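Asker: My structure is below; once you've seen it, I'll send some questions.
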Amino acid sequence: MTEAAANQSSPLAPDWLAVPEDLNALHQPLWAAGVGRNDDGELAVDGIPVSLLKEQFGTPLFVMSEPDFRARARDFKDAFDAAFADICGGVDVYYAGKAFLCTAVASWVADEGLRLDTCSGGELAVAARAGVEGAKLSLHGNNKSDAEISRALDLKLGRIVVDSLDELERVAKIASGRGETAKVLLRLTPGVHAHTHEFIATAHEDQKFGLSMAEDSTDQAGLSAAEEAVAAATSYSSVELLGLHCHIGSQIFEPDGFAVAAEKLLNFLAAMQTKYSVVLPELDLGGGYGIAYTPVDTPRPAAEIAVAMAAVVRSTCAELGIASPRISIEPGRAIVGSSTFTLYEVGTLKTVRVDAADAEDGRTDDKNVTHPRRYVSVDGGMSDNARPVLYDADYSAILASRTSVASAQLSRVVGKHCESGDIVVRDVYLPEDVAAGDLLAVPGTGAYCWALSSNYNYLARPGVVAVRDGSARLIVRGETEEDLLNRDMGV
Ligand code: LLP
């Protein structure tokens, strides 16, 4: 037992945060395979120590394990293929590029037998540059421009996921003008909304995405926007209606929400097939599979979710007396999230004393008894990880450049931006002797961190390094000051 283990937890810490038994140990589910401490106690990826990564590429830096990304991609494909083999011959897995996309990642996705879900002209451009076949691409978005729709047709996209009646009409018109047929899925809102452990099956539909399945969602009594879209899509000769789509939320741990959505969409699909004498051969159940950001997160393995979803699809199709459509899914976070950590260098440190009764979450404590909270500033922040600010997302961090036997101190890892909400890790126990020049690593930053990064305060966005077979290469170069000034047109 290290000295750290003897430490008491801080009254300022949230209930879920325990003092780690060993501050130097990695909680493995948060990290990519191949990440661990080397004989010198330094964090290393596939044998490459973080000090070397810093020397070569600087900090902040996104460090991604290519084998880990590929393994998670394969895991989803294999697990869903196996669970659905007897139902619809397997599942098409579309990696959701919005989580993180560059040409290297797009090509790994294609190598591993997955397809790619894009949601803008820019993401399509990356896919095209990576040479991903158009037939293996999908295009999402609630406000696709005519140019994006045309580009999708140029690339002969496997599917355009149409989000509204307006858009359906525009897609039909653009395709017709080109003498082509657009392959289309309709995105429906099944009234299921899920987040982490919970889901609500009667969520109201007051949001921008998709076609409502509620029967009062059009002027015509009993007709939903979803049905109106099916009727319209089947009437356009320039549209090939392949099927239906839904996406119920993100960072979901339990399969129940997916199962309820699948059941609802299959019922609707069966009703539409009968009423409009069409066959809808495809059903996409979206993404949203959760990952662990802190030791208390316990997501389910892909295989477990796949089996639960397959059971519902199998029994619902049997009850309805229909052949199952070909199922597809769109995981983003669950493939890329844990493949990556962010490496930061520590700068300024300060300790404040806080009365727990005055702390943000109003914990009860003896009045006038204060407790220390250490602020550990790093050389990035909300510009490379906006998720804590945007979603109150929790992360974890460890001292990466060395081990320490110092005692645990409740710490808050903050960035260098001119904003007091610029928090990277709200609550974490770090060794008391963390000092300027130390390197910290924050795991689980592969999804929606680089993707949401910004140049706030004129910080250059970090690069992304991929590690494989003991060597590291930049897959996205970090920005330089010159990049930042390049678009400024001058006086
Ligand atoms: N498919 C559709 C239609 C989506 O809208 C999304 C995510 C996905 C798939 C992939 O979801 P995933 O498997 O990665 O959860 N920025 C937020 C997440 C926004 C998700 C948007 N849509 C965050 O950082 O938590």
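The values are calculated or read from the model by the stated rules, or taken from the named source; none is laboratory data. Not measured: the values here are computed from a predicted model. Cβ placement follows ideal geometry from the backbone for every residue including glycine, while neighbour counts extend to all protein chains displayed. Remember, those area values only see protein heavy atoms, side chains included, never the ligands or the DNA or RNA. Shrake-Rupley method; radii C 1.70, N 1.55, O 1.52, S 1.80 Å.
Asker: Compute the signed sum of charges (Lys and Arg +1, Asp and Glu -1) over the other residues within less than 15 Å, Cβ to Cβ, of Glu42.
Answerer: On the way: positive: Arg37, Lys54, Arg402; negative: Asp39, Asp40, Asp46, Glu55, Glu345, Asp438.
Once all neighbours under 15 Å are counted, the net charge is -3.
Asker: Exactly which trypsin sites (Lys or Arg not before Pro) in region 165-263 are in a DSSP loop and have at most 13 other Cβ atoms within 10 Å?
Answerer: On the way: sites: Arg170, Lys173, Arg178, Lys183, Arg187, Lys208; in loops: Arg178, Lys208.
Passing sites in region 165-263 are Arg178, Lys208.
Asker: Continuing with the same structure: What ³J(HN,Hα) values, in whole Hz, does the Karplus curve 6.51 cos²θ - 1.76 cosθ + 1.60 give for region 12-24 when θ = phi - 60°, with x put for Gly and Pro?
Answerer: Per-residue couplings from phi come out as 7, 6, x, 4, 6, 8, 9, 6, x, 5, 9, 5, 8 Hz.
Asker: Then there's this: Residue by residue, what Karplus-based ³J(HN,Hα) values in Hz, rounded to whole numbers, does region 342-352 have, using 6.51, -1.76 and 1.60 with θ = phi - 60° and x for Gly and Pro?
Answerer: Per-residue couplings from phi come out as 9, 9, 10, 9, 7, x, 5, 10, 8, 10, 10 Hz.
Asker: Excluding residues fewer than 8 places away in the same chain, name every one of the aspartates and glutamates whose C-alpha is closer than 14 Å to that of Lys208.
Answerer: Asp163, Asp166, Glu167
Asker: Enumerate the amide H contacts of Ser212 below 5 Å, restricted to partners 5 or more residues apart or on another chain; note that Pro and chain-start residues carry no placed amide H.
Answerer: Amide H neighbours of Ser212: Thr189, Ala225, Ala226.
Asker: Quantify, in whole percent, the carbon and sulfur part of the accessible surface of region 90-331 (1.4 Å probe; protein heavy atoms only). Mind dumping the intermediate values first?
Answerer: On the way: 4760 of 9530 Å².
In region 90-331, the share of accessible area belonging to carbon and sulfur is 50 percent.
Asker: If you bin every alpha carbon distance in the chain into 10 Å steps from zero, what whole percent lands in each bin?
Answerer: 4, 18, 27, 23, 16, 9, 3, 0
Asker: Pop the C-beta distance of Asp488 and Ser420 into the FRET formula with R0 = 25 Å and round what comes out to the nearest 0.05.
Answerer: Details: r = 28 Å, r/R0 = 1.12.
Given R0 = 25 Å and the Cβ-Cβ separation, E is 0.35.
Asker: Sum -39500 (n - 2.57) across every DSSP H segment of at least 4 residues in the chain, then divide by the residue count to get the 222 nm mean residue ellipticity, nearest 500.
Answerer: Values: 12 runs with 136 residues, N = 491.
When only DSSP H runs of four or more count, the value is -8500 deg cm²/dmol.
Asker: Let me ask something else about it. Ordered by residue, what ³J(HN,Hα) values in Hz, to whole numbers, does region 424-438 give under the Karplus form 6.51 cos²θ - 1.76 cosθ + 1.60, where θ = phi - 60° and Gly and Pro are x?
Answerer: 9, 10, 5, 9, 7, 8, 10, x, 4, 8, 4, 9, 4, x, 5
Asker: Can I ask one more? Once you keep just the Cα pairs under 8 angstrom separated by 6 or more residues, what percentage relative contact order results for region 21-71?
Answerer: Values: 30 pairs, mean separation 14.8, N = 51.
Relative CO of region 21-71 lands at 29 percent.
Asker: Give, as a single signed number, the net charge of other residues whose beta carbon lies under 12 Å from the beta carbon of Lys173, with Lys and Arg counted +1 and Asp and Glu -1. If you can, show how the numbers build up before the last one.
Answerer: Working: positive: Arg170, Arg178; negative: Asp146, Asp166, Glu167, Glu169, Glu180.
So the environment of Lys173 carries a net charge of -3.
Asker: Can I ask one more? Among the DSSP beta bridges whose two residues both lie in region 90-331, what percent are antiparallel, rounded to the nearest 5?
Answerer: Details: 3 of 35 bridges.
Looking only at bridges with both residues in region 90-331, the antiparallel portion is about 10 percent.
Asker: Ok, one more. As I understand it, the value is the acute angle between the Cα axis of helix 165-177 and the longest principal axis of the Cα atoms of the chain; what does it come to in degrees, rounded to 10?
Answerer: 70 degrees
Asker: Quick one: which of Lys144/Lys416; Lys98/Lys275; Lys98/Lys183; Lys54/Lys77 span more than 29 angstrom between C-alpha atoms? Show your work: numbers first, answer last.
Answerer: Details: Lys144/Lys416 36 Å; Lys98/Lys275 36 Å; Lys98/Lys183 21 Å; Lys54/Lys77 34 Å.
In this structure, Lys144/Lys416; Lys98/Lys275; Lys54/Lys77 lie more than 29 Å apart at Cα.
Asker: Another question, if that's okay. Determine the per residue accessible area of region 90-331 with all protein chains present and a 1.4 angstrom probe, expressed in square angstrom.
Answerer: On the way: 9530 Å² over 242 residues.
About 39 Å² of surface per residue is accessible.
Asker: For Asp394, list long-range residues whose amide hydrogen, built 1.01 Å from N in the peptide plane, is under 5 Å from its own amide hydrogen.
Answerer: none
Asker: For region 129-271, which semi-axes, largest first and in whole Å, follow from the square roots of 5 times the eigenvalues of its Cα gyration tensor?
Answerer: The equivalent ellipsoid of region 129-271 has semi-axes of 27, 19, 12 Å.
Asker: Could you tell me how many degrees, from 0 to 90 and to the nearest 10, lie between the Cα long axis of helix 256-275 and the main elongation axis, the longest principal axis, of the Cα atoms of the chain?
Answerer: Roughly 10 degrees, rounded to the nearest 10.
Asker: Enumerate by residue number the GluC sites (Glu not before Pro) in region 214-254 meeting two conditions: DSSP loop (anything except H, G, I, E, B), and at most 15 other Cβ atoms within 10 Å of the site's Cβ.
Answerer: Working: sites: Glu215, Glu227, Glu228, Glu240; in loops: Glu215.
Here the sparse-neighbourhood loop sites are Glu215.
Asker: Ignoring ligands, DNA and RNA, please state the percent of accessible area on region 371-491 from carbon and sulfur, probe 1.4 Å. Numbers along the way, then the final one.
Answerer: On the way: 2570 of 5150 Å².
Of all accessible area on region 371-491, carbon and sulfur atoms account for 50 percent.
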